Amino acid sequence: MANWTPGGFVGKTFQITAAHVPPPPDVPPPVLWGDEAAVEQRFSSRASVQTTRREFLFEFPFGPEEVVEFFRTCFGPIQVAFSRLDPAGQEALAADLVHVWREHNQGAPGQTSVRTEFLEVLARPN
């Protein structure tokens, strides 16, 4: 598996989204699959687990504002978050997401290049 880590860039965007649209209280956060201890606990005695932190580079030929709009129209979890907000809430969420993309952007003007971390998980049945 390849799972976004809670402390990486994608984990931060999940935190922002959850601050605007709280997840159901009885559902564990998906980013826990990117936490070594949680993965070990979930597989416990059923599998031997090997984890490696790796890096992924998001690259887009347009700026952070367009990246957020791209995810808003093409990425299911972000689509759902926006659909649950009124227009003012949508504007606030978009502004917060644009801010974090700008903050982490290492791309040239008019481009977006953001590094993020994921946890590679290899689980083999015992």
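The values are calculated or read from the model by the stated rules, or taken from the named source; none is laboratory data. Because the structure is a prediction, the values reported are computed rather than measured. Here the Cβ is made from the backbone with ideal geometry for all residues, glycine too, and neighbour counts use every protein chain on show. Surface areas here come from the heavy atoms of the whole protein model, side chains and all, with no ligands, DNA or RNA. Shrake-Rupley method; radii C 1.70, N 1.55, O 1.52, S 1.80 Å.
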Exercise for the section: Would you check if Arg72 is closer than 18 Å to Phe9 by Cα, in contact with a Gly (Cβ under 9 Å, 6 or more places away or on another chain), in a helix (DSSP H, G or I) and open to solvent by 60 Å² or more (accessible area, probe 1.4 Å)? Expected result: no
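Yes or no: Phe118 under 23 Å from Pro22 (Cβ atoms), surrounded by 15 or more Cβ atoms within 10 Å (Cβ to Cβ) and of a type outside the set (A, V, I, L, M)? Steps first, please.
Numbers: under 23 Å from Pro22 (Cβ atoms): no; surrounded by 15 or more Cβ atoms within 10 Å (Cβ to Cβ): yes; of a type outside the set (A, V, I, L, M): yes.
Criteria not met by Phe118.
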Practice task
Mind listing just one residue for me: the one in segment 54-66 that is assigned to a strand (DSSP E or B), open to solvent by 60 Å² or more (accessible area, probe 1.4 Å) and not acidic (Asp, Glu) and, of those, farthest from Val114 (Cα to Cα)?
Solution key: Arg54
Problem - Matching residues, segment 39-53, being surrounded by 12 or more Cβ atoms within 10 Å (Cβ to Cβ), under 18 Å from Phe118 (Cβ atoms) and either under 19 Å from the mean Cα position of the chain (by Cα) or of a type outside the set (D, E, K, R) (or both) - result: Val39, Phe43, Val49, Thr51, Arg53
Exercise for the section: Count, please, the residues in segment 15-34 that happen to be touching a residue at least 60 places away in the same chain (Cβ under 8 Å) and either open to solvent by 80 Å² or more (accessible area, probe 1.4 Å) or assigned to a helix (DSSP H, G or I) (or both). Expected result: 6
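Yes/no matrix, rows are residues, columns are (1) among the β-branched types (Val, Ile, Thr); (2) in contact with a strand residue (DSSP E or B) (Cβ under 7 Å, 6 or more places away or on another chain); (3) modelled with pLDDT of 95 or more; (4) farther than 19 Å from Pro6 by Cα:
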site	(1), (2), (3), (4)
Pro30	no, no, no, no
Gly34	no, yes, yes, no
Ser45	no, no, no, yes
Gln50	no, yes, yes, no
Val67	yes, yes, yes, yes
Gln79	no, no, yes, yes
Phe82	no, no, yes, yes
Val100	yes, no, yes, no
Gly110	no, no, yes, yes
Exercise for the section: Quick one: count up the residues across segment 92-126 that are in contact with a helix residue (DSSP H, G or I) (Cβ under 8 Å, 6 or more places away or on another chain) and in a loop (DSSP other than H, G, I, E, B). Expected result: 2
Practice task
Restrict the check to segment 78-91 and report whether at least one residue is in a loop (DSSP other than H, G, I, E, B) and either loosely packed, with under 11 Cβ neighbours inside 10 Å or of a type in the set (A, V, I, L, M, F, W, C) (or both).
Solution key: yes
